[in-house]
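The values are calculated or read from the model by the stated rules, or taken from the named source; none is laboratory data. These figures come from a predicted structure and were not determined experimentally. Methodologically, a virtual Cβ is constructed for each residue, glycine included, from the backbone with ideal geometry; neighbour enumeration extends over all protein chains shown.
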Amino acid sequence: MAASVPRPLVCDLRSLGADAETIDLLARLQLAARRHGRALRFPHASPALQELIAFVGLDAVLRVEPGREAEKGEDPLGVEEERQLDDPAV
């Protein structure tokens, strides 16, 4: 019976800022995952975080996936429109 390949672990970067602390955290996560034979996915990275990762030279190690931009007239993910309690849903 063949051993199954474990699915990659997913670390959603949507709420992380672009700073040295974040880069350090992601690099340590990647190192720990590799030591345990696991792959990591980093979806929803902001453009600023992508640029910082490239600037410090870790873009080949920390392969981040860009976040989806909100379309015109669409709220960004996690943002809901406020309305009155007696206002019927459309």
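Would you pick out the residues in the stretch 11-34 that are surrounded by fewer than 12 Cβ atoms within 10 Å (Cβ to Cβ) and closer than 20 Å to P47 by Cα?
S15, G17, A20, E21, D24
I'd like the residue in the stretch 40-90 that is loosely packed, with under 14 Cβ neighbours inside 10 Å, hydrophobic (A, V, I, L, M, F, W, C) and closer than 18 Å to C11 by Cα and, out of all such residues, is modelled with the lowest pLDDT.
In this case the residue turns out to be L77.
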